[in-house]
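No lab work stands behind these numbers, since they all come straight from the coordinates. If you're wondering where the values come from, they're calculated on a predicted model, not measured in any experiment. Don't worry about glycine lacking a Cβ; one is built from the backbone with ideal geometry, like all the others, and counts go over all protein chains shown.
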Amino acid sequence: MTLFRRLLGEALRAQRMQRGLTLREVSAEARVSLGYISEIERGQKEASSELLASLCNALEMPLSLLLRQVSEAAATEEHSLAATTLPVRASDADVVASAA
């Protein structure tokens, strides 16, 4: 199962790293505790829309871009999970034969 909070955290961390910012710098700019941002980046905490807006502002990225990146990552992950999951359908004859 795809967890939105994990994908969101990965996208936030990637943006922070790409911009060369530390957790401390983002924390100060967003006015959010460093520990809480770390938990969000690791997918351990859910972020409110207000918090996401504050983090995006600190990362100088539009919220819509963050959500688009997470949406695309979720679609990719769902597609790969669907491609590797084979539906199992047992006929009545298979069930009877295997019970014997």
Neighbourhood charge, 12 Å Cβ-Cβ cut-off, centred on Arg16 and excluding it, Lys, Arg +1 and Asp, Glu -1: -2
What's the exposure ranking of Arg19, Arg13, going from fewest to most Cβ atoms within 10 Å? Arg19, Arg13
